[in-house]
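The values are calculated or read from the model by the stated rules, or taken from the named source; none is laboratory data. Owing to the predicted nature of the structure, the values given are computational and were not obtained by experimental measurement. We place every Cβ from the backbone using ideal geometry, glycine too, and count neighbours over all the protein chains shown.
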There are 2 protein chains.
Amino acid sequence: MNIRHLTFRLLQVYVAVVASGTVSEAARRLHLTQPTVSMQLKRLGEAVGEPLLESRQGRLFPTEAGSELYRASREVLGRFDDFDDYLSALRGGERGRFSIALVNTAQYVLPRLLGPHSRAFPEVEVTVHIGNRRQMLTRFERQEDDLYVFSHPPSLAHARAGRFLRNPLVAVAPRGHPLAARERIDMSELLGERMLLREPGSATRMLFESWLQEQGLTLGPTLQMASNEAIRVGVASGLGLAVLSEHVLPPEHPDIVILPVVGLPIESHWQFIVRSDRRLSHAAHGFLRFAAGHLHTCVEPRFLSNELDGLLSKLN
Amino acid sequence: MNIRHLTFRLLQVYVAVVASGTVSEAARRLHLTQPTVSMQLKRLGEAVGEPLLESRQGRLFPTEAGSELYRASREVLGRFDDFDDYLSALRGGERGRFSIALVNTAQYVLPRLLGPHSRAFPEVEVTVHIGNRRQMLTRFERQEDDLYVFSHPPSLAHARAGRFLRNPLVAVAPRGHPLAARERIDMSELLGERMLLREPGSATRMLFESWLQEQGLTLGPTLQMASNEAIRVGVASGLGLAVLSEHVLPPEHPDIVILPVVGLPIESHWQFIVRSDRRLSHAAHGFLRFAAGHLHTCVEPRFLSNELDGLLSKLN
DNA sequence: ATGTTATATAGATATTTATCTATAGGAAGC
DNA sequence: GCTTCCTATAGATAAATATCTATATAACAT
């Protein structure tokens, strides 16, 4: 059998003929003329190299080889129907996979979106990468992920961004700290205290430092810890003060207080970033749609800042 | 996805590309040029309506949709490989079906061939029809079977024939019959006896009657029985005499003797008949080959008369 | 026998396909 | 930055395919 000239169309026609038992009827069903179907059958028979049909009592019946071809054709066409279904699911964002890269701090919030999404779309596989801003920038350069979450986007030359959440940075001190009782504090008053800082490359540190620079201030003694958690616990235990994303604090934080420093909180927004030079996977697109629609049910209203519809409209 | 323009060839090319990871390498393997393969990929991608491959680290990797297409393609191509195997088996006569029509008398012998054949080719389904000559002629006219066994072929206009077995007709009497002791009997001496005859339409009867006519003889009293078995038992019980195929007698037949009538046995030969205006099924062809090769191990040498090679050569 | 219906063949044509060579564009390696 | 290997595009062409209309042939039913 010569498979080279075998077309799916040919199999469709053949199946129609076997199913209807006559060439003419099959032609009607396929919206073709009878000679067309006859020709196709002839070609198919030649490709197979074996008679496929024989007429008895005015109907066409498949020969031995013809029956097997019919079976094979049905299976094969069915397989491609399945493939078609698979494609629709992919396109609808109901299945597939995407990967998302988060700066550390965002990991306190993103699960609130990812959880409901994966419950709604259990067939979608999500890979989450977490690291500090610098590491995420590298991933972005290398185009390693479908989605990125930054508070300050990288150069937007190859990217589109959409804000979705406020990310205020606040100054924190241990409960009972002398400044904790004050109603209004000037940042300069904190500079004598030891400050706990994230590592260079962290977005939180970058934001804090550029804010300090704007204010013309310089830090006193510091201690560097490459983890928000470590810093939070450090502050609680009196190791020093810190400027942290408010999201890092648990809902109840009896051992930590937010200091009413003038000029704080430093306002920033997390945003979803997608590369504009890379086709966004259907699954990632589906997640963005999901986020746009469900964000308000997943996060506290005071952090809400949903500009994802704008991003989505740019993606279509 | 548009299945209309999907070719098996296209899938083969696609599979080669995914398997080798580069277009150029696939082109080499397929003995095509690289642009050809690129074009095919492009067409395939358009038919599917979704990007199929993406290049990372200098190799091409299938996308989500591409992976599924790869799976589907492998399955589908595999299914048609199986179909190909099926075809070879059909063509080799190793599987399939055929039907064979036998005149009554041949049923004593044909199982000796059909048994070993079906042991050698268990996947071949055989249908056997048995009846008298007239009934078999009707089946022949209607082209109802692949093979026919006659002693005298019908008009050979639409048929090819090949002898394979002697079928001598002998006169039989019950042991102890007055003529049973004689060394030489003239047929005319039997005419007073009651003769047991098969029904009109039987080949045995036809042969016997035309032989009688040649000899210018006319039968005396007769009794008609539409079965060789009934006649054999009738003769054994003294109901009369008969002229029967020697094959009808069991190897040991203590209650029946063959009379040495001058001019007997009437020599005839069974032959396989195939219609020349109808394609012989591979399975039937395979059976004829089997018969040609194994006949000598299946029947007693004295009956052997194998001219099937001549028939086979005419069929190729 | 004689219409009727189904199938096959012939002739025609626009479209598509397979395939090449030549060349341009890109990415990876040194 | 240059070279090399890979891929994509363009241009060209012979072949094949899909499809039609018109007609011949075969099979069936009355």
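Within this structure, B:P200 passes the test of being touching a strand residue (DSSP E or B) at 6+ places or on another chain (Cβ under 9 Å) and either surrounded by fewer than 14 Cβ atoms within 10 Å (Cβ to Cβ) or within 26 Å of B:R139 (Cα to Cα) (or both). Mind checking whether some residue in region A:80-88 is surrounded by fewer than 19 Cβ atoms within 10 Å (Cβ to Cβ), more than 7 Å from chain B (Cβ to nearest Cβ), within 16 Å of DNA strand C (Cβ to nearest atom) and small (G, A, S)? No, because not a single residue in region A:80-88 is surrounded by fewer than 19 Cβ atoms within 10 Å (Cβ to Cβ), more than 7 Å from chain B (Cβ to nearest Cβ), within 16 Å of DNA strand C (Cβ to nearest atom) and small (G, A, S). I'd like to know if region A:158-180 contains one or more residues that are more than 23 Å from the chain's Cα centre (by Cα) and free of Cβ contacts under 8 Å to residues at least 60 places away in the same chain. Yes, region A:158-180 contains a residue that is more than 23 Å from the chain's Cα centre (by Cα) and free of Cβ contacts under 8 Å to residues at least 60 places away in the same chain. Restricting attention to region B:119-128, the residues that are more than 13 Å from every other protein chain (Cβ to nearest Cβ) and either more than 15 Å from B:A284 (Cβ to Cβ) or more than 11 Å from the chain's Cα centre (by Cα) (or both) total 4. With the structure loaded, tell me whether B:A47 is touching a residue at least 12 places away in the same chain (Cβ under 8 Å), away from DNA strand C (no atom under 11 Å from the Cβ) and of a type in the set (G, A, S) or whether it fails that test. No; evaluated as a whole, the condition is false for this residue. Within the group B:T105, B:T63, B:T138, which residue is of a type in the set (V, I, T) and within 13 Å of chain A (Cβ to nearest Cβ)? When all the criteria are applied, what remains is B:T63.
On inspection, A:E141 passes the criterion of being surrounded by fewer than 13 Cβ atoms within 10 Å (Cβ to Cβ) and closer than 22 Å to A:T105 by Cβ. Each residue in region B:5-29 was checked for being near DNA strand C (Cβ under 8 Å from one of its atoms), under 25 Å from A:L77 (Cβ atoms) and either free of Cβ contacts under 8 Å to residues at least 40 places away in the same chain or over 49 Å from the mean Cα position of the chain (by Cα) (or both), and 4 of them qualify.
In region A:205-222 there is no residue that is at pLDDT 85 or above and β-branched (V, I, T).
Being in contact with a helix residue (DSSP H, G or I) (Cβ under 9 Å, 6 or more places away or on another chain), part of a helix (DSSP H, G or I) and without any contact (Cβ under 8 Å) to a residue 40 or more places away in the chain is the filter here; which residues of region B:199-249 pass it? Hits for region B:199-249 are B:R205, B:L212, B:E229, B:I231. For region A:5-57, a residue qualifies if it is within 14 Å of chain B (Cβ to nearest Cβ), within 11 Å of DNA strand D (Cβ to nearest atom) and among the aliphatic types (A, V, I, L, M), and the qualifying residues are A:L6, A:L10, A:L11, A:V13, A:L30, A:L32, A:L44, A:A47. Considering only region A:254-270, I want to know if a residue exists there that is charged (D, E, K, R), at pLDDT below 85 and part of a loop (DSSP other than H, G, I, E, B). No.
Could you please let me know if B:S99 is within 13 Å of another protein chain (Cβ to nearest Cβ), out of contact with any helix residue (DSSP H, G or I) (no Cβ under 6 Å at 6 or more places or on another chain) and closer than 30 Å to B:E246 by Cα? Yes, satisfied.
Within the set A:S188, A:S151, the sole residue that is among the hydroxyl-bearing types (S, T, Y) and closer than 30 Å to A:D277 by Cβ turns out to be A:S151. Can you pull out every residue in region B:58-79 that is touching a residue at least 12 places away in the same chain (Cβ under 8 Å), surrounded by fewer than 18 Cβ atoms within 10 Å (Cβ to Cβ) and away from DNA strand D (no atom under 16 Å from the Cβ)? Within region B:58-79, B:R74, B:L77 meet the criteria. Scan region B:262-312 for residues that are of a type in the set (G, A, S) and more than 16 Å from the chain's Cα centre (by Cα) and the total you get is 4.
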